[in-house]
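Asks: Okay, handing you the structure first.
The values are calculated or read from the model by the stated rules, or taken from the named source; none is laboratory data. Just so it is clear, the structure is predicted and the values come from calculations on it, not from any experiment. Note: ideal-geometry Cβ built from the backbone for every residue, glycine included; neighbour counts use all protein chains shown. Ligands, DNA and RNA are stripped out before the accessible areas are found, and what is left, the full protein with its side chains, is counted by its heavy atoms. Shrake-Rupley method; radii C 1.70, N 1.55, O 1.52, S 1.80 Å.
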Amino acid sequence: MEQDKKYPVLQNLAYCIRETRKAYPKLLAFCLLIILLNCLVPVITAFLPKIVIDGITEGQPLRRLLAVTGGLTAMLAVLSGFRMYLEKLVYWNKFKMNAHFLRLITRKGLTTDYRNQENEHFRTLQNESFASCNGNFSYYAQIYDTVVLFFSNLLGFLAFAGILSTLNPLLIVFLSLTALVSFFLNRRISKWIEGNRDEKAGYEHRMQYVVSAADDVRAAKDIRLYRMAAWLDGIYEKNLKGLLGWYRRYTAKLFGVAAADSALALVREAATYAFLLRLALKGNITVAEFVLYFNAVAGFSAWLGSMLGQITGVQRLNQSMNRFRSYLEYPEHYLREQGKPVGDLKTPKRIELRNVSFRYEAGGKDVLRNFSLTLEAGEHLAVVGLNGAGKTTMIKLICGLTEATEGCVLYGGTDVREYNRDEYYRLFGAVFQDYSILPVTIEEIVAEDDSENADPDRVKQCLEQAGLWDRIASLPDGIRSRYDKAFWDDGINLSGGEIQKLLLARALYRQPPVVLLDEPTAALDPVSENRLYETYDKIMNGKTTLFISHRLASTRFCHRIVLIGDGRILEEGTHEELLAKKGRYYELFETQAKYYREDPGEEADRDEF
Ligand code: ADP
């Protein structure tokens, strides 16, 4: 497993500043201004009464007093107003940074080595990263608030420490100590929340599950037929009780800490004010200074308390930032531009799996073990085997989506790992069971490109070969029909079988030398399936094909069949040879065939029909 990044706070801060400078530099200037104003406004507020009292005691004329007080108050009003304006600007513009971070994550997700996408740790990091950048209240939107608050606190703390140091540095020590005790008291709450977070999340998660089941149309049938409503309601109630219990315990904890914290604040204020009063009464400080220090003591404690209180938040943000960067910096191993050019992208070359062993996770089970297989150029190979035998994995290895743990895959005699992987992918037209279709026009889906770049004649030809042309031609917009009703008001929906045909047309459009089909007929009706088999030779003429199917009868049109199981080839040969062998293939074929076999007379009737 890849080690997660562990950058210290300052390095992550520098990273955020760099990214903000790249994407939205104004935000940095806004944040900096807010920090300065956050410090300046309280400092002026603390000095204002002192200045006024000094003026009065010095017997300054009313006009001058009014001018100074009015000027400072007006300045405070302007500065506070400006700060509010900046805060609104930051609030509404944080989404630009969210969008920037989301784009980085999306780009990584789209381009990362495919094998990373199959790695559980990578996927966890990916999910967390997406969750932490989503929305204006997301984790990363908080970075700016947190950083602004932290530096405002720091600057304010230094400014007020400066004011108090002119009185007695011991006062700073005393106030700092009480703030520390208060911090540790409050940390008990954060620790309690941290320790009990999973319990709360569990209740919420299960309640959310019930809520989402209620409006899930797919679940609606089962919920009714299997009378699951009362059961789900019970789950909700049980977890709601659990959640309320959690909050009760939390409130009790909070109350204890709040009481102790208030008592501490009382002691602190009483002691410092008694100290200040004593100094004032002895004449060591003037009334104006008393007011200034009075304000400074309150301000100092508040700044320090807030700064200490932020530590846990900053640590959590830093951890999340490290997870985010671990995802973005997750190592990529496949060669791209640095790899060898593939050369001819039209004529197939020999494909060889040489002593390949493959495991999905280190220490996991071998899906393929010391597996060797050669596909000659232009050969049609069928691969059969039980579920989980490793057939799809084999396809992913051949087309370079994933790589052998041991051994190697060769194309035209060269290890696939040496090629420019992006170019290598262009050799394959593949139809996987788990597919993705963008909500664009049929033409764009088949051509995998904008309609300006698509060749409509070729699109038509591929749809014909895949057996979908009649359906598409009958639509008012033909190949310009947009797929997915959920996306477009005038969009079209396709059945499972029609989607398989569309995927086949897409695989054919790129005129690949190698076609890889993973159960491409599973959702086809028998007529369409039969038609595909009949035309298979013509469609796939001159191409290397690998065809995975559970319907053993469908393998007849392939030159060779391999049966795999236990991570290795169990049997291989033509359909007839394998039947004659009376081995595993024969057993599988017989098991399947007996359900199809009918009375010959009946079959004749049906044929006539
Ligand atoms: P088949 O196509 O023959 O049904 P697969 O190649 O899909 O088999 O899967 C072979 C084995 O590898 C199965 O045991 C399956 O559970 C496991 N497997 C498949 N994909 C993954 C994955 N992404 N992560 C971990 N294990 C996987």
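Asks: Of all residues in region 94-105, count the ones that are aliphatic (A, V, I, L, M), open to solvent by less than 40 Å² (accessible area, probe 1.4 Å) and touching a Cys at 6+ places or on another chain (Cβ under 8 Å).
Replies: Residues that pass the stated criteria total 1.
Asks: Separate question: From the list 379, 332, 337, exactly one residue is touching a His at 6+ places or on another chain (Cβ under 9 Å) and either farther than 30 Å from residue 191 by Cα or within 16 Å of the ligand (Cβ to nearest atom) (or both). Which is it? Working first, answer last.
Replies: On the way: 332 fails: touching a His at 6+ places or on another chain (Cβ under 9 Å); 337 fails: touching a His at 6+ places or on another chain (Cβ under 9 Å).
379 is the lone residue from the list that is touching a His at 6+ places or on another chain (Cβ under 9 Å) and either farther than 30 Å from residue 191 by Cα or within 16 Å of the ligand (Cβ to nearest atom) (or both).
Asks: Continuing with this model, one more query. If only one of 367, 384 is more than 22 Å from residue 340 (Cα to Cα), within 11 Å of the ligand (Cβ to nearest atom) and touching a His at 6+ places or on another chain (Cβ under 8 Å), which one is it?
Replies: Numbers: 367 fails: touching a His at 6+ places or on another chain (Cβ under 8 Å).
Testing whether each residue is more than 22 Å from residue 340 (Cα to Cα), within 11 Å of the ligand (Cβ to nearest atom) and touching a His at 6+ places or on another chain (Cβ under 8 Å) leaves just 384.
Asks: Exactly one condition in (1) open to solvent by 50 Å² or more (accessible area, probe 1.4 Å); (2) more than 30 Å from residue 342 (Cβ to Cβ); (3) not basic (Lys, Arg) is false for residue 475; which is it?
Replies: Exception for residue 475: condition (1).
Asks: Of the numbered conditions (1) open to solvent by 50 Å² or more (accessible area, probe 1.4 Å); (2) at pLDDT 90 or above; (3) among the polar types (S, T, N, Q), residue 592 satisfies every one except a single condition; which is it?
Replies: (2)
Asks: Filter region 1-14 down to residues that are surrounded by 12 or more Cβ atoms within 10 Å (Cβ to Cβ) and over 19 Å from residue 311 (Cα atoms) and give me whichever is modelled with the lowest pLDDT.
Replies: For region 1-14, the residue satisfying everything is 2.
Asks: Can you pull out the residues in region 387-430 that are away from the ligand (no atom under 15 Å from the Cβ), within 28 Å of the chain's Cα centre (by Cα) and charged (D, E, K, R)?
Replies: Once the filter is applied, which keeps residues that are away from the ligand (no atom under 15 Å from the Cβ), within 28 Å of the chain's Cα centre (by Cα) and charged (D, E, K, R), region 387-430 yields 417, 421, 422, 423, 426.
Asks: Give the residues of region 106-142 that are loosely packed, with under 14 Cβ neighbours inside 10 Å, among the polar types (S, T, N, Q) and farther than 30 Å from residue 359 by Cβ, sorted by residue number.
Replies: Within region 106-142, just 136 meets the criteria.
Asks: Just checking, does region 80-93 include any residue being hydrophobic (A, V, I, L, M, F, W, C), modelled with pLDDT under 90 and exposed (fewer than 15 other Cβ atoms within 10 Å of the Cβ)?
Replies: yes
Asks: Of everything in region 524-549, what is within 16 Å of the ligand (Cβ to nearest atom), farther than 23 Å from residue 423 by Cα and aliphatic (A, V, I, L, M)? Give them in sequence order. Please lay out each step first, then the result.
Replies: Looking only at region 524-549, we keep the residues that are within 16 Å of the ligand (Cβ to nearest atom), and these are 546-549.
Next, from what is left, pick out any that are farther than 23 Å from residue 423 by Cα: 548-549.
Passing the criteria: only 548.
Asks: Could you give every pair whose Cβ atoms fall below 8 Å, whose first residue belongs to region 167-179 and is within 12 Å of residue 276 (Cβ to Cβ), and whose second residue is part of a loop (DSSP other than H, G, I, E, B), counting only separations of at least 6 or pairs across chains?
Replies: 167/285
Asks: Additional query: Can you name the number of the only condition in (1) surrounded by fewer than 17 Cβ atoms within 10 Å (Cβ to Cβ); (2) over 31 Å from the mean Cα position of the chain (by Cα) that residue 489 fails?
Replies: Failed condition: (2).
Asks: Within the set of pairs 6+ apart or on separate chains, which have a first residue in region 387-411 that is in contact (Cβ under 8 Å) with a residue 12 or more places away in the chain, a second that is near the ligand (Cβ under 8 Å from one of its atoms) and of a type in the set (Asp, Glu), and C-beta atoms under 6 Å apart?
Replies: Short answer, once both residue conditions are applied: 392/518; 395/518.
Asks: Are there any pairs with C-beta distances below 7 angstrom linking a residue in region 266-280 that is more than 20 Å from residue 302 (Cβ to Cβ) to a residue that is aliphatic (A, V, I, L, M) and surrounded by 15 or more Cβ atoms within 10 Å (Cβ to Cβ), with the two at least 6 apart or on different chains, and if so which?
Replies: Taking only residues 6 or more apart or on different chains, the pairs are 279/285.
Asks: Hey, another quick one. Looking at region 172-182, is at least one residue surrounded by fewer than 12 Cβ atoms within 10 Å (Cβ to Cβ) and either in the same structural domain as residue 322 (by TED's automatic domain parsing) or over 33 Å from the mean Cα position of the chain (by Cα) (or both)?
Replies: Restricting attention to region 172-182, the residues satisfying the condition of being surrounded by fewer than 12 Cβ atoms within 10 Å (Cβ to Cβ) are 173, 177.
Pick out the ones that are also either in the same structural domain as residue 322 (by TED's automatic domain parsing) or over 33 Å from the mean Cα position of the chain (by Cα) (or both) and you get 173, 177.
Yes; the residues of region 172-182 include at least one that is surrounded by fewer than 12 Cβ atoms within 10 Å (Cβ to Cβ) and either in the same structural domain as residue 322 (by TED's automatic domain parsing) or over 33 Å from the mean Cα position of the chain (by Cα) (or both).
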